[in-house]
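Beneath this line is the structure, given in structure tokens, with notes to follow.
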Amino acid sequence: MPQTGAAGDKIFRLILLSAATILLLIIVGILLMMVQNALPSIERFGLGFLTGREWKAAQNEFGALPFIYGTIVSSIIAVVLAVPLSLGIAIFLVEQASPKIARPISFLIELLAAIPSVVYGLWAIFVLAPFVRNHLGVFLQNYFGWLPIFQGRLTGIGMFTAGLVMALMILPIVTAVVRDVLETVPQAQREAALALGATQWETTRVVLGNAASGIAGAIVLGLGRAIGETMAVTMVIGNSPRISASLFEPANTIASLLAANFAEATDEIYLSALIEMGLVLFLVTFIVNALAKLLIIGVTNRANNTRRA
Amino acid sequence: MPIKFLTIKVSPAAFFFCFVLLFASCSGEPFGRNRAAATDSAGTINLQGSGASFPKPIYEKWASEFGKIEPKIRVDYQASGSGAGQKAVLAKTSDFGASDDPMSDEDLRSAGAEILHIPTVLGAVVLTYNLPEIKKPLKLSAETIAEIYLGSIRKWNDERLARDNPELNLPNADILPIYRADSSGTSAVFTDFLAKTVPVWREKVGTNKQPSWITGIGMGARGNDGVMGQVKQTPNSIGYVELTYAEANNVPMAHIKNKSGDFIEPSLETVTAAAENSAAQMPEDLRFQIADTGGANAYPLASYTYILVYKNQPDAVKGKALADFLWWATHDGERFIRNLHYAPLPRDVVRKVEAKINSMTTADRLVLRPQKTEEK
């Protein structure tokens, strides 16, 4: 039997290898196809495409900058709002709550993840946008109105509301992943920390330090979802490609532009420009994810070093 | 640590076999029926249409009602947008396309074969607004609409608006214009009306399914429902939507000044009047935008919506079914139109449509033999 076992292992290895290779091939294939289809636009507009500020499809004038700006800023808003909340929920569920409480809350969070994004969008138009216009936005302008990001006309539709709804949308996935990561930290570590006289807060810090890379993964996952979100964002961001300091002004993101226009793009150069936008989205996602990972690794390394010192 | 999954006895060879099978099923011929065939095994003729979202309710109603009369013909309509409808016809991926605005000369030339424009129903674009204090209808002209969307009228109590609305006490509030962010036949009709009547608009924005809006003025929403939702939710906003949507949502609609200087309320009657008044100007190929017609009771922002078909049908069976469907829709199908808030074609236009349907051919022979005439 040992012979067949060795052969089986070989085949098994081959299958796994081909699975990994296929993923690589798919990504390379997507990239190649996109570059090929975007070529007319790349050749015609060059680097001006990335720095242009006007998007006028009728005049074949395409500038990606406001969309890149909108994509990055709205995703940052979403992550900044969602991550602390997700961490709080996950830590509570794993470290503090009794199973009686933790189970229903976990269930509710998973339920939140199953809501289609168009429902989030509708809810955002009819509930969140008026709430921002009449309450939250007014509050922010009253107390933090000296900050340029909270100045300008308050319509309820704009970058801020889009970021807010995206935060809600990524909350379940970030929470669920962080919870699972925390659960894999060995119980012995908590017991050891407690045995050394650590408080609950200090114990949690030890646990978080050990789960850091997993948490980083969760955040990157959430960020990726935020960057790629289409429907809900289109419905509340105002779809107006502009770069303004105020978060209450309308803006637009790459994903939302593609969702709204791809089906109807009949012109060849227009279609090519939209595909180049897809390529830009690819690039933005890659860079943002890489930066996020570096940032988180840097922070956790420093935390670990200070602890050791 | 043994993982439970691996302890289940799966022979690696079987696993590999599954993998191979998966790939084989991906690369092989699809199991489904062949798309190009005119009929399937049950003898049903499938007509696939795609395009404008505006006429979707009536096309679906027609498809189901026609199916009751001709059970062998099955019409499917996919609302993918006017631009996609034109593209589908050019790429021959649908049996018929649908579009709110006529195809351009350039696109028609690139088709390589003659494409017929068959007007089916009429719609209208209305301006809806959110001014809670204003109870009587707002009156707008092409000039004031253009100035609002160009950003030169920024407040509701601007004297240019007050002049047309002496009886209204318009608030001292910023106007928020809302437009369609996606490519849309509604935008084409709206901008065509403004471009025909306001020179500055023609210069700065022009006519387009996806116009170049002035950066920093107003905001975009996706779809008629998106614009509707945002106007409903945002005080002091104004937006343009299809009449059908505005009626279904029971929102205020502005009266628009037409060529003879009257402010006209949008309704099926005023849209029909606009179509009748302009029917004589319709060109031979039926590609026509009504925008800005005159006459008492004629609403200026009315428009036709079209079904696009090749004059020479590649398949005799399908061609006959398509001609029958189009004939039925523009004749007996008319009685379903009003309930869905569309306006029917004027008599003169129906005559022109009849000639077009009768002219359809397949392999150099007429599709409809004998030729149809109106049974009245």
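What follows is calculated from the coordinates using simple rules that are stated; it is not laboratory data. Everything quoted here is computed from the prediction, not taken from an experiment. No Cβ is skipped: glycine too gets one built from the backbone with ideal geometry, and neighbour counts run over all protein chains shown.
Summary table
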{"read-out": "Charge dipole (the protein assembly as shown, unit charges on Cβ, about Cα centre) - positive-most of A:241, B:272, B:350", "value": "A:241"}
{"read-out": "For B:278, B:104, B:212, order by how many other beta-carbon atoms lie within 10 Å, fewest first", "value": "B:104, B:212, B:278"}
{"read-out": "Loop trypsin sites (Lys or Arg not before Pro), the stretch A:204-247, which have at most 10 other Cβ atoms in a 10 Å radius of their Cβ (DSSP)", "value": "none"}
{"read-out": "At most 13 other Cβ within 10 Å, DSSP loop - chymotrypsin sites (Phe, Trp or Tyr not before Pro), the stretch A:142-231", "value": "A:146"}
{"read-out": "Span-rule helices in chain B, defined as complete DSSP H runs reaching 30 Å or more along the axis (Cα) with Kyte mean at least 1.0", "value": "none"}
{"read-out": "Mean Cα-pair separation over length for chain B, i.e. relative contact order, pairs under 8 Å, 6 or more apart, %", "value": "20 percent"}
{"read-out": "Over the stretch B:145-261 - Rg/Rh using Cα atoms and the Kirkwood inverse-distance radius", "value": "0.93"}
{"read-out": "Spatially proximal lysines relative to residue A:56 (Cα-Cα < 17 Å; intrachain offsets below 8 disregarded)", "value": "B:204, B:209"}
{"read-out": "³J(HN,Hα) computed for each position of the stretch A:50-56 - Karplus, 6.51 cos²θ - 1.76 cosθ + 1.60, integer Hz, glycine/proline x", "value": "6, 9, x, 10, 10, 10, 10"}
{"read-out": "Rg/Rh for the stretch A:67-308, where both radii come from Cα atoms and Rh is the Kirkwood radius", "value": "1.03"}
{"read-out": "Dipole magnitude (debye, nearest 20) for the protein assembly as shown, charges at Cβ of Lys, Arg, Asp, Glu", "value": "1660 debye"}
{"read-out": "Å³ per residue enclosed by the Cα convex hull of the stretch B:267-372", "value": "98 Å³"}
{"read-out": "Whole-angstrom gap from the stretch A:3-32 to the stretch B:308-364, using each part's C-alpha centre", "value": "56 Å"}
{"read-out": "Geometric extent, Cα atoms of the protein assembly as shown - Rg, Dmax (angstrom)", "value": "29.9, 99"}
{"read-out": "Amide H within-cut-off set for residue B:257, under 5 Å, with H built and near neighbours excluded", "value": "B:140, B:141, B:142, B:264"}
{"read-out": "Reachable lysines, given that their alpha-carbon falls under 30 Å from the alpha-carbon of residue A:100 and they are not under 8 places away in the same chain", "value": "B:4"}
{"read-out": "Radius of gyration and maximum dimension Dmax of chain B, Cα, Å", "value": "25.0, 87"}
{"read-out": "Karplus 3J(HN,Hα) series, Hz, for the stretch A:148-160 with 6.51 cos²θ - 1.76 cosθ + 1.60 (x for Gly, Pro)", "value": "x, 5, 10, 8, x, 6, 9, 10, x, 10, x, 4, 4"}
{"read-out": "Estimated dipole of the stretch A:67-308 in Debye, rounded to 20 [Cβ of Lys and Arg +1, of Asp and Glu -1, Cα centre]", "value": "760 debye"}
{"read-out": "B:324, A:180 arranged by Cβ crowding within 10 Å, fewest neighbours leading", "value": "A:180, B:324"}
{"read-out": "The protein assembly as shown: antiparallel DSSP beta bridges as a percent of all, rounded to 5", "value": "60 percent"}
{"read-out": "Pairs beyond 19 Å (Cα-Cα), from B:136/B:232; B:139/B:259; B:68/B:372; B:318/B:356", "value": "B:68/B:372"}
{"read-out": "Under-5 Å amide H pairs with residue B:291, H placed in peptide plane, nonlocal only", "value": "B:302"}
{"read-out": "Alpha carbon Rg of the stretch A:189-293, scaled by the compact-globule rule 2.2 N^0.38 Å", "value": "1.62"}
{"read-out": "Least to most buried among B:62, A:123 (fewest other Cβ within 10 Å first)", "value": "A:123, B:62"}
{"read-out": "Vicinal HN-Hα couplings computed from phi for the stretch A:68-85 (Karplus, 6.51 cos²θ - 1.76 cosθ + 1.60; Hz; Gly/Pro x)", "value": "4, 4, x, 4, 5, 5, 5, 5, 5, 4, 4, 5, 4, 7, 7, 5, x, 5"}
{"read-out": "Relative contact order (%) - the stretch A:67-308, alpha-carbon pairs under 8 angstrom, separation at least six", "value": "30 percent"}
{"read-out": "Virtual spin-label span in nm between residue B:44 and residue A:110, 7 Å along Cα→Cβ", "value": "3.9 nm"}
{"read-out": "Dipole magnitude of chain B, debye to nearest 20 (Cβ charges: Lys/Arg +1, Asp/Glu -1, about Cα centre)", "value": "900 debye"}
{"read-out": "Among B:214, A:36, B:177 - extreme Cα towards positive end, dipole of the protein assembly as shown, charges at beta-carbon", "value": "A:36"}
{"read-out": "Longest site-free stretch - chain B; sites: GluC sites (Glu not before Pro), DSSP loop, at most 15 other Cβ within 10 Å", "value": "B:168-283"}
{"read-out": "Dipole-positive endmost among B:303, B:191, A:90 within the protein assembly as shown (Cβ charges, Cα centre)", "value": "A:90"}
{"read-out": "Cut-off under 5 Å, modelled amide H: who pairs with residue B:121 long-range", "value": "B:305"}
{"read-out": "The protein assembly as shown - mean residue ellipticity at 222 nm from DSSP helices (-39,500 (n - 2.57) per run, n ≥ 4, rounded to 500)", "value": "-17000 deg cm²/dmol"}
